[in-house]
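What follows is a single structure, written as structure tokens, with notes after it.
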Amino acid sequence: MTTSTLLTGKTALVTGASRGIGRCIALCLAKQGAEVIVNYSTSKEKAEQVVAEIASNGGTSYSLKADVSNEAEVEELVKTILSKSNRIDILVNNAGITRDGLLMRMKTEDWQAVINLNLTGVFLCTRAVSRTMLKQKSGRIINVTSVVGIMGNAGQANYAAAKAGVLGITKSTAKEFASRGITVNAVAPGFITTDMTKDLNAESILSLIPLGSFGTPEQVAGAVRFLATDPAAAYITGQVLQVDGGMVMN
Ligand code: NAP
């Protein structure tokens, strides 16, 4: 058994947990004792591998398929979790995609797809779990945004707009839910080594990062774990924790 008990008795939904950062967040929360729901949209096998890895570490987990940009699928996802686990204590809105291109040539469908998942998906999942968390009078919502939502990035107007929107929904819901014991915070990664960044030209980016390297999914997961934990993060809400090697200093 390699799990700790910091999150024992808590149920956590991690969206987009089949790969990359979401996978590490799922493994990390499970190691703290949380039961973790591994959401995915297409990578069933990879999601099952995450569930198996959690079980081999002594943790509890199951996977559920849902496109979190689809309202009906999100409602069904949360309904299924409540029928199986009876509660949701932690929501990590992690699922995200990029469809990069200069604005002048950006197709409307690429704009819309990124907004639909990266921003509307956060709204749909937050609304769907909020009913339960409000009743429970407790909850932790952690939104994975990006430093690009703070600083902008040529070729990513759709992604930057969505991630900036996530900052807005984070702060607004933090204010709406605070009186009911629910905190809402965001983690803003810089450049992290995952499938999403595998085709980037690392050479041209490294000079922008004071700590001199891309980050790892484990480093982002550590920030999420902190924000999910009581009592360490219980008095923190509406904040944005950057995990970016010092790239953007406010
Ligand atoms: P990734 O490796 O490409 O993984 C994306 C995850 O999202 C996968 O598990 C994927 O599942 C899931 N997903 C995609 N479409 C979905 C949908 N419609 N419904 C549910 N899940 C869906 O990406 P990543 O780098 O780990 O990024 C994770 C988050 O961190 C994203 O929000 C991203 O914007 C943010 N971020 C990443 C970086 C970075 O440098 N990597 C930097 C800043 C922020 P399937 O395989 O099943 O589709």
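Listing for the model above:
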quantity: Highest-fluctuation residue, THR98, THR216, THR108 considered, GNM on the chain with Cα pairs under 10 Å; calculated: THR108
quantity: Per-residue [θ]222 nm for the chain (sum of -39500 (n - 2.57) over DSSP H runs n ≥ 4, rounded to 500); calculated: -13000 deg cm²/dmol
quantity: Of MET104, MET151, MET196, the one that fluctuates the most in a GNM where the chain has Cα springs shorter than 10 Å; calculated: MET104
quantity: Global geometry of the range 42-133, whether rounded, prolate or oblate, following the gyration tensor of its Cα atoms and the 1.5 cut on a/c; calculated: oblate
quantity: Only Lys, Arg (+1) and Asp, Glu (-1) charged, at Cβ; the chain dipole about Cα centre in debye; calculated: 680
quantity: Positive-end extreme of charge dipole, the chain - chosen from SER130, ALA188, LEU64 (charges on Cβ); calculated: SER130
quantity: Too-long pairs where the Cα-Cα distance tops 32 Å, listed order kept, from LYS31/LYS137; LYS46/LYS175; LYS79/LYS107; calculated: LYS46/LYS175; LYS79/LYS107
quantity: Percent RCO, i.e. relative contact order, over the chain, from Cα pairs under 8 Å lying at least 6 residues apart; calculated: 18
quantity: Computed over the range 100-250, the ratio Rg/Rh where both radii use C-alpha atoms and Rh is Kirkwood; calculated: 0.99
quantity: Local electrostatic count at LEU124 - Lys and Arg +1, Asp and Glu -1, tallied over other residues with Cβ under 14 Å; calculated: -2
quantity: For VAL240, net neighbour charge (Lys/Arg +1, Asp/Glu -1) across residues whose Cβ lies under 13 Å away; calculated: +1
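Readers should treat all values here as calculations from the given coordinates under stated rules, not as data from a laboratory. From a predicted model like this one, the values you see are computed outputs, not experimental measurements. Here Cβ is always computed from backbone atoms with ideal geometry, including for glycine, and neighbour counts include all displayed protein chains.
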